[in-house]
Amino acid sequence: DSGIPVVVVDRPTGDYAFDEVTFDNRGAMFEAVSGLIGLGHKRILFVVKERLLSITVQRSEGLRRAADRAGPAVTATILECGDDQPTLATRLGAELKAPRPPSVIIVSNSTIAAWTLRALHGLGVSCPEEVSLIAFDEPEWADLVTPPLSVVRQPTREIARMAWACL
(Lines give C-alpha, C1' and ligand atoms only; values in the text may rest on other atoms or scores of the structure.)
Protein backbone atom coordinates (compact mmCIF):
# COMPACT_ATOMS: atom_id res chain seq x y z
CA ASP A 1 0.00 0.00 0.00
CA SER A 2 2.93 2.36 0.66
CA GLY A 3 4.31 1.97 -2.84
CA ILE A 4 7.61 0.54 -1.57
CA PRO A 5 8.54 -2.55 -3.59
CA VAL A 6 8.97 -5.74 -1.55
CA VAL A 7 10.30 -9.13 -2.59
CA VAL A 8 10.15 -12.07 -0.18
CA VAL A 9 13.28 -14.24 -0.50
CA ASP A 10 13.43 -17.92 0.53
CA ARG A 11 10.24 -17.79 2.61
CA PRO A 12 7.38 -18.43 0.20
CA THR A 13 3.98 -17.49 1.60
CA GLY A 14 1.86 -18.65 -1.30
CA ASP A 15 -0.59 -15.78 -0.85
CA TYR A 16 0.78 -13.74 -3.76
CA ALA A 17 0.69 -10.46 -1.79
CA PHE A 18 4.37 -9.99 -2.68
CA ASP A 19 6.76 -11.13 -5.36
CA GLU A 20 8.63 -14.18 -4.05
CA VAL A 21 11.93 -15.76 -5.04
CA THR A 22 12.97 -19.18 -3.77
CA PHE A 23 14.18 -22.47 -5.19
CA ASP A 24 12.76 -25.96 -5.48
CA ASN A 25 13.03 -27.14 -1.87
CA ARG A 26 10.90 -30.23 -2.54
CA GLY A 27 13.02 -31.27 -5.50
CA ALA A 28 16.31 -30.56 -3.73
CA MET A 29 15.32 -32.69 -0.74
CA PHE A 30 13.94 -35.44 -2.97
CA GLU A 31 17.22 -35.62 -4.91
CA ALA A 32 19.34 -35.50 -1.75
CA VAL A 33 17.35 -38.24 -0.01
CA SER A 34 17.18 -40.39 -3.13
CA GLY A 35 20.97 -40.14 -3.39
CA LEU A 36 21.40 -41.04 0.29
CA ILE A 37 19.09 -44.03 -0.13
CA GLY A 38 21.14 -45.05 -3.17
CA LEU A 39 24.21 -45.03 -0.93
CA GLY A 40 22.49 -47.49 1.44
CA HIS A 41 20.95 -45.20 4.06
CA LYS A 42 17.65 -46.58 5.34
CA ARG A 43 17.00 -44.52 8.49
CA ILE A 44 16.91 -40.79 7.84
CA LEU A 45 16.47 -38.04 10.43
CA PHE A 46 15.59 -34.50 9.34
CA VAL A 47 16.35 -31.93 12.05
CA VAL A 48 14.44 -28.64 11.78
CA LYS A 49 13.91 -25.52 13.83
CA GLU A 50 10.20 -25.16 13.05
CA ARG A 51 8.18 -27.93 11.43
CA LEU A 52 5.57 -25.53 9.99
CA LEU A 53 7.97 -23.07 8.34
CA SER A 54 7.08 -23.01 4.63
CA ILE A 55 10.46 -24.23 3.37
CA THR A 56 10.51 -26.94 6.05
CA VAL A 57 7.09 -28.13 4.90
CA GLN A 58 8.34 -28.26 1.31
CA ARG A 59 11.52 -30.10 2.24
CA SER A 60 9.52 -32.53 4.40
CA GLU A 61 7.31 -33.28 1.40
CA GLY A 62 10.41 -34.06 -0.69
CA LEU A 63 11.75 -36.28 2.11
CA ARG A 64 8.48 -38.21 2.40
CA ARG A 65 8.18 -38.63 -1.37
CA ALA A 66 11.71 -40.09 -1.63
CA ALA A 67 11.21 -42.36 1.40
CA ASP A 68 7.80 -43.57 0.16
CA ARG A 69 9.24 -44.25 -3.28
CA ALA A 70 12.00 -46.38 -1.73
CA GLY A 71 9.50 -48.58 0.11
CA PRO A 72 8.91 -49.70 3.69
CA ALA A 73 12.58 -50.51 4.40
CA VAL A 74 13.30 -46.74 4.54
CA THR A 75 12.14 -44.66 7.50
CA ALA A 76 12.17 -40.89 7.64
CA THR A 77 11.69 -38.98 10.88
CA ILE A 78 11.46 -35.25 11.53
CA LEU A 79 12.87 -33.84 14.75
CA GLU A 80 11.83 -30.27 15.66
CA CYS A 81 14.26 -28.53 18.02
CA GLY A 82 13.07 -24.91 18.14
CA ASP A 83 15.57 -22.33 19.34
CA ASP A 84 17.05 -24.53 22.04
CA GLN A 85 20.43 -26.18 21.51
CA PRO A 86 20.25 -28.29 24.73
CA THR A 87 16.85 -29.63 23.64
CA LEU A 88 18.36 -30.69 20.33
CA ALA A 89 21.23 -32.46 22.09
CA THR A 90 18.82 -34.36 24.36
CA ARG A 91 16.44 -35.36 21.55
CA LEU A 92 19.29 -36.26 19.23
CA GLY A 93 20.80 -38.44 21.96
CA ALA A 94 17.50 -40.30 22.32
CA GLU A 95 17.25 -40.82 18.54
CA LEU A 96 20.81 -42.15 18.36
CA LYS A 97 20.23 -44.57 21.28
CA ALA A 98 17.01 -45.97 19.77
CA PRO A 99 17.01 -49.60 18.63
CA ARG A 100 17.20 -48.46 14.99
CA PRO A 101 19.09 -45.16 15.06
CA PRO A 102 19.40 -42.94 12.01
CA SER A 103 22.30 -43.61 9.68
CA VAL A 104 22.09 -40.08 8.27
CA ILE A 105 20.99 -36.74 9.67
CA ILE A 106 19.84 -33.94 7.37
CA VAL A 107 19.77 -30.49 8.99
CA SER A 108 17.73 -27.57 7.76
CA ASN A 109 20.29 -24.77 8.09
CA SER A 110 23.80 -23.79 9.18
CA THR A 111 22.83 -23.02 12.79
CA ILE A 112 21.25 -26.44 13.24
CA ALA A 113 24.32 -27.97 11.54
CA ALA A 114 26.62 -26.40 14.14
CA TRP A 115 24.33 -27.45 16.99
CA THR A 116 24.16 -31.00 15.62
CA LEU A 117 27.93 -31.31 15.27
CA ARG A 118 28.35 -29.99 18.81
CA ALA A 119 25.73 -32.47 20.10
CA LEU A 120 27.35 -35.39 18.25
CA HIS A 121 30.72 -34.45 19.73
CA GLY A 122 29.20 -34.26 23.22
CA LEU A 123 27.55 -37.65 22.75
CA GLY A 124 30.81 -39.19 21.56
CA VAL A 125 29.31 -40.01 18.16
CA SER A 126 31.74 -39.75 15.27
CA CYS A 127 30.66 -38.28 12.00
CA PRO A 128 30.64 -39.74 9.36
CA GLU A 129 31.82 -43.09 10.80
CA GLU A 130 28.74 -43.65 12.99
CA VAL A 131 26.25 -41.25 11.40
CA SER A 132 26.42 -39.16 8.24
CA LEU A 133 25.45 -35.50 8.20
CA ILE A 134 24.22 -33.28 5.37
CA ALA A 135 23.16 -29.63 5.66
CA PHE A 136 21.03 -27.24 3.68
CA ASP A 137 22.23 -23.66 3.23
CA GLU A 138 25.96 -24.47 2.93
CA PRO A 139 27.52 -23.07 6.12
CA GLU A 140 30.51 -20.82 5.48
CA TRP A 141 32.57 -23.13 7.72
CA ALA A 142 31.54 -26.38 5.94
CA ASP A 143 35.07 -26.98 4.67
CA LEU A 144 36.64 -26.46 8.10
CA VAL A 145 35.42 -29.77 9.54
CA THR A 146 37.06 -33.06 8.63
CA PRO A 147 35.81 -34.47 6.40
CA PRO A 148 34.13 -31.39 4.93
CA LEU A 149 30.40 -31.15 5.64
CA SER A 150 28.17 -32.44 2.86
CA VAL A 151 25.75 -29.74 1.76
CA VAL A 152 22.78 -28.97 -0.43
CA ARG A 153 23.76 -25.72 -2.12
CA GLN A 154 21.13 -23.15 -2.91
CA PRO A 155 21.65 -21.00 -6.00
CA THR A 156 22.01 -17.84 -3.89
CA ARG A 157 23.44 -15.66 -6.65
CA GLU A 158 20.61 -16.59 -8.99
CA ILE A 159 18.03 -16.03 -6.22
CA ALA A 160 19.54 -12.59 -5.53
CA ARG A 161 19.61 -11.74 -9.23
CA MET A 162 15.95 -12.69 -9.60
CA ALA A 163 14.98 -10.70 -6.49
CA TRP A 164 16.70 -7.59 -7.85
CA ALA A 165 14.99 -8.10 -11.20
CA CYS A 166 11.61 -8.20 -9.44
CA LEU A 167 12.41 -4.96 -7.64
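The values are calculated or read from the model by the stated rules, or taken from the named source; none is laboratory data. Source: prediction; values computed, not measured. With ideal geometry, Cβ positions are generated from the backbone for all residues, glycine too; neighbour counts draw on all protein chains shown. Quick note on the areas: whole protein, heavy atoms, side chains included, nothing else; ligands and nucleic acids left out. Shrake-Rupley method; radii C 1.70, N 1.55, O 1.52, S 1.80 Å.
Assuming R0 = 35 Å, what is the FRET efficiency of Asp143 and Asp84, from their Cβ-Cβ distance, to the nearest 0.05?
0.80
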Cα-Cα separations in the stretch 1-85 greater than 22 Å, expressed as whole percent:
38
Here FRET efficiency (C-beta to C-beta, Arg118 to Thr75, R₀ 35 Å, nearest 0.05) is 0.90
Degrees between helix 156-166 axis and first principal axis of the chain (Cα, 0 to 90, nearest 10)
20
Space enclosed by the convex hull of the alpha-carbon atoms of the chain, per residue, Å³:
126
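What does the charge count near Gly62 come to, summing +1 for each Lys or Arg and -1 for each Asp or Glu among other residues with Cβ under 14 Å from its Cβ?
+1
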The stretch 23-49 residues near the modelled Thr156 label - backbone nitrogen below 16 Å, point 7 Å along Cα→Cβ:
23
With N set to the number of residues, divide the alpha-carbon radius of gyration of the stretch 119-167 by 2.2 N^0.38 Å and report two decimals.
1.60
Sparse-neighbour loop sites [GluC sites (Glu not before Pro); the stretch 60-137; at most 15 other C-beta within 10 Å; DSSP]:
Glu129, Glu130
Heavy-atom accessible surface of the chain: percent carbon and sulfur, 1.4 Å:
53
